[in-house]
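The values are calculated or read from the model by the stated rules, or taken from the named source; none is laboratory data. All figures in this text were calculated on a predicted structure; none of them were measured in a lab. Ideal geometry is used to build each Cβ from the backbone, glycine not excepted, and the neighbour counts take in all protein chains shown. For the accessible areas, the whole protein counts, side chains as well, though only heavy atoms, and no ligand, DNA or RNA atoms are used. Shrake-Rupley method; radii C 1.70, N 1.55, O 1.52, S 1.80 Å.
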Amino acid sequence: MLPKYKKVGKVLSVSMVAVLSLSMLAACGKKEEAKTPETTDTSAVVATYDGGTITANEFDMEQRVMKFLYPEYAQMMDMDDFKEYLVKQEVAYEYLSGKASEDAKTAGTKAATEQFDKMKASVQADQWTEMLKAQKLTDDNIKDYMTRIMTVIKDKETGVTDDAIKAEFEKNKDQFTTASVRHVLINFTDPKTQKERKKEDALKIAKEVKTKLDGGADFAEIAKKYSEDPGSAEKGGLYENTPVGSWVEAFKEAAKTLPLNKISDPVETEYGYHVMKVEARTEADFAKLTAEQKESLKSQLAAAEIDTFMQNELDKIVKEVKLPKTEKAEEGKTEGTTGTGTEGEKTTEPKTDDSTGTDTKTDQGTTGTDKDATTDEGTSSK
């Protein structure tokens with residue numbers, strides 16, 4: 001395996017459980033085209049494993065489907081080591097799906113069909129058509145990929161016990177505990193001047209905000225006036241019914257432990273000081289989980305088992321990988337280096353955070369981040 005891509009593999013397999021990447025698809029605008037006649041695949045073999053092979057055409061199809069479903073990884077697919085990771089991932093799912101039970105294959109087909117229908121329904125028809133056309137794909141190409149992935153997940157789910165689901169819940173309570181929180185963020189960087197603000201200066205402003213709130217000032221009005229979190233300021237500083245696990249540690253702990261409707265002292269995170277008020281909180285309780293939530297936990301455990309297989313067993317079944325090397329631009333040329341200054345970072349950072357300071361997964365103020373999908377295991381904030 002390629003250790004630095006362990007996390008990417010987990011992202012890809014787990015995201016299949018959650019109706020794939022609907023938000024990515026919806027934001028990725030680019031008619032159902034006629035299917036091309038099936039032809040015999042005479043392309044070169046690029047990977048050989050116990051019981052099968054992957055051809056160049058099959059791997060090309062895999063990459064196009066991946067670009068369709070996970071556009072944030074598209075730039076990485078020009079990297080030789082990432083392509084090697086992807087072909088090994090394709091081997092893993094081909095190998096495991098081939099060993100899946102008939103019941104798992106039936107369940108995988110059903111789950112894939114349901115998720116495909118939801119995914120397609122979430123995108124306008126003409127947009128869907130253009131997205132397929134851009135990658136030279138058909139509905140069946142997408143369904144085949146999803147069926148293979150879901151078959152493996154359903155097969156691994158058969159070994160997941162109720163006790164294991166409960167244990168997974170205990171490790172991930174923050175995933176199910178929600179809170180409605182108002183806050184005012186005073187950044188360590190002045191958003192108007194973009195200059196660094198001394199901690200003591202930020203704390204002084206935050207204390208002034210708390211004094212006003214303690215004196216009876218309306219929180220929503222104060223947030224609109226003072227908060228430097230563009231993700232919530234105009235909403236009166238409110239993040240409503242949000243899983244506390246989506247926030248960075250200090251903010252999360254305050255959201256979990258503050259007495260309801262009490263104005264907090266300034267809470268320091270890496271982004272600044274937050275004056276907070278928790279208006280509502282729903283504690284996680286395993287007995288109150290819905291069937292869908294329990295199924296999500298079950299799928300997480302199945303995905304973790306697949307991830308373990310890819311880390312510990314996959315190299316034992318892969319016999320040979322023969323991928324052509326990507327042609328490099330001639331030395332001295334600067335093609336592909338211009339732009340806004342963010343494109344290069346996205347090659348190694350598929351998910352980036354807004355630098356201005358907000359509170360959701362893509363925001364700064366209070367979130368945990370998934371900064372670098374190509375870094376070693378252990379760099380995740382989760």
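What figure, in Å² to the nearest 10, do you get for the accessible area of residue 162 with a 1.4 Å probe and non-protein molecules left out?
Counting only protein heavy atoms, the figure is 120 Å².
Sort 268-277, 283-292 by packing, meaning the average of other beta carbons within 10 Å per residue, with the highest value first.
Working: 268-277: 23.1, 283-292: 11.0.
Answer by packing, highest mean first, reads 268-277, 283-292.
Non-local amide H neighbours of residue 269 (under 5 Å, H modeled in plane, Pro and chain starts lacking H): which ones?
Under 5 Å from the amide H of residue 269 lie the amide H atoms of 274, each far enough along the sequence or on another chain.
Sorted from largest down, what three extents in whole angstroms do the Cα atoms of the range 64-151 have along their principal axes?
36, 35, 17
Quick one: pull the percent of accessible area on the range 170-222 belonging to carbon and sulfur, 1.4 Å probe, ligands and nucleic acids left out. Mind dumping the intermediate values first?
Details: 1450 of 3140 Å².
Using a 1.4 Å probe with all protein chains present, the range 170-222 comes out at 46 percent carbon and sulfur.
Of 91, 167, 145, which is farthest along the charge dipole of the range 80-236 in the positive direction, counting Lys and Arg as +1 and Asp and Glu as -1 at C-beta?
167
What FRET efficiency do you get for residue 323 and residue 193 if R0 is 35 Å and r is their Cβ-Cβ distance, rounded to the nearest 0.05? Each step should come with its number before you reach the end.
Working: r = 49 Å, r/R0 = 1.40.
Once the sixth-power term is evaluated, E becomes 0.10.
Could you tell me which of the pairs 67/120; 192/225; 67/105; 118/166; 256/298 are separated by over 21 angstrom between their Cα atoms in the structure shown? Don't jump to the answer; show the numbers that get you there.
Details: 67/120 16 Å; 192/225 14 Å; 67/105 25 Å; 118/166 28 Å; 256/298 25 Å.
From 67/120; 192/225; 67/105; 118/166; 256/298, over 21 Å: 67/105; 118/166; 256/298.
Per residue of the range 279-284, what does 6.51 cos²θ - 1.76 cosθ + 1.60 with θ = phi - 60° give for ³J(HN,Hα)? Whole Hz please, x for Gly and Pro, Karplus curve as stated.
Values per residue, Gly and Pro as x: 8, 7, 8, 10, 6, 6 Hz.
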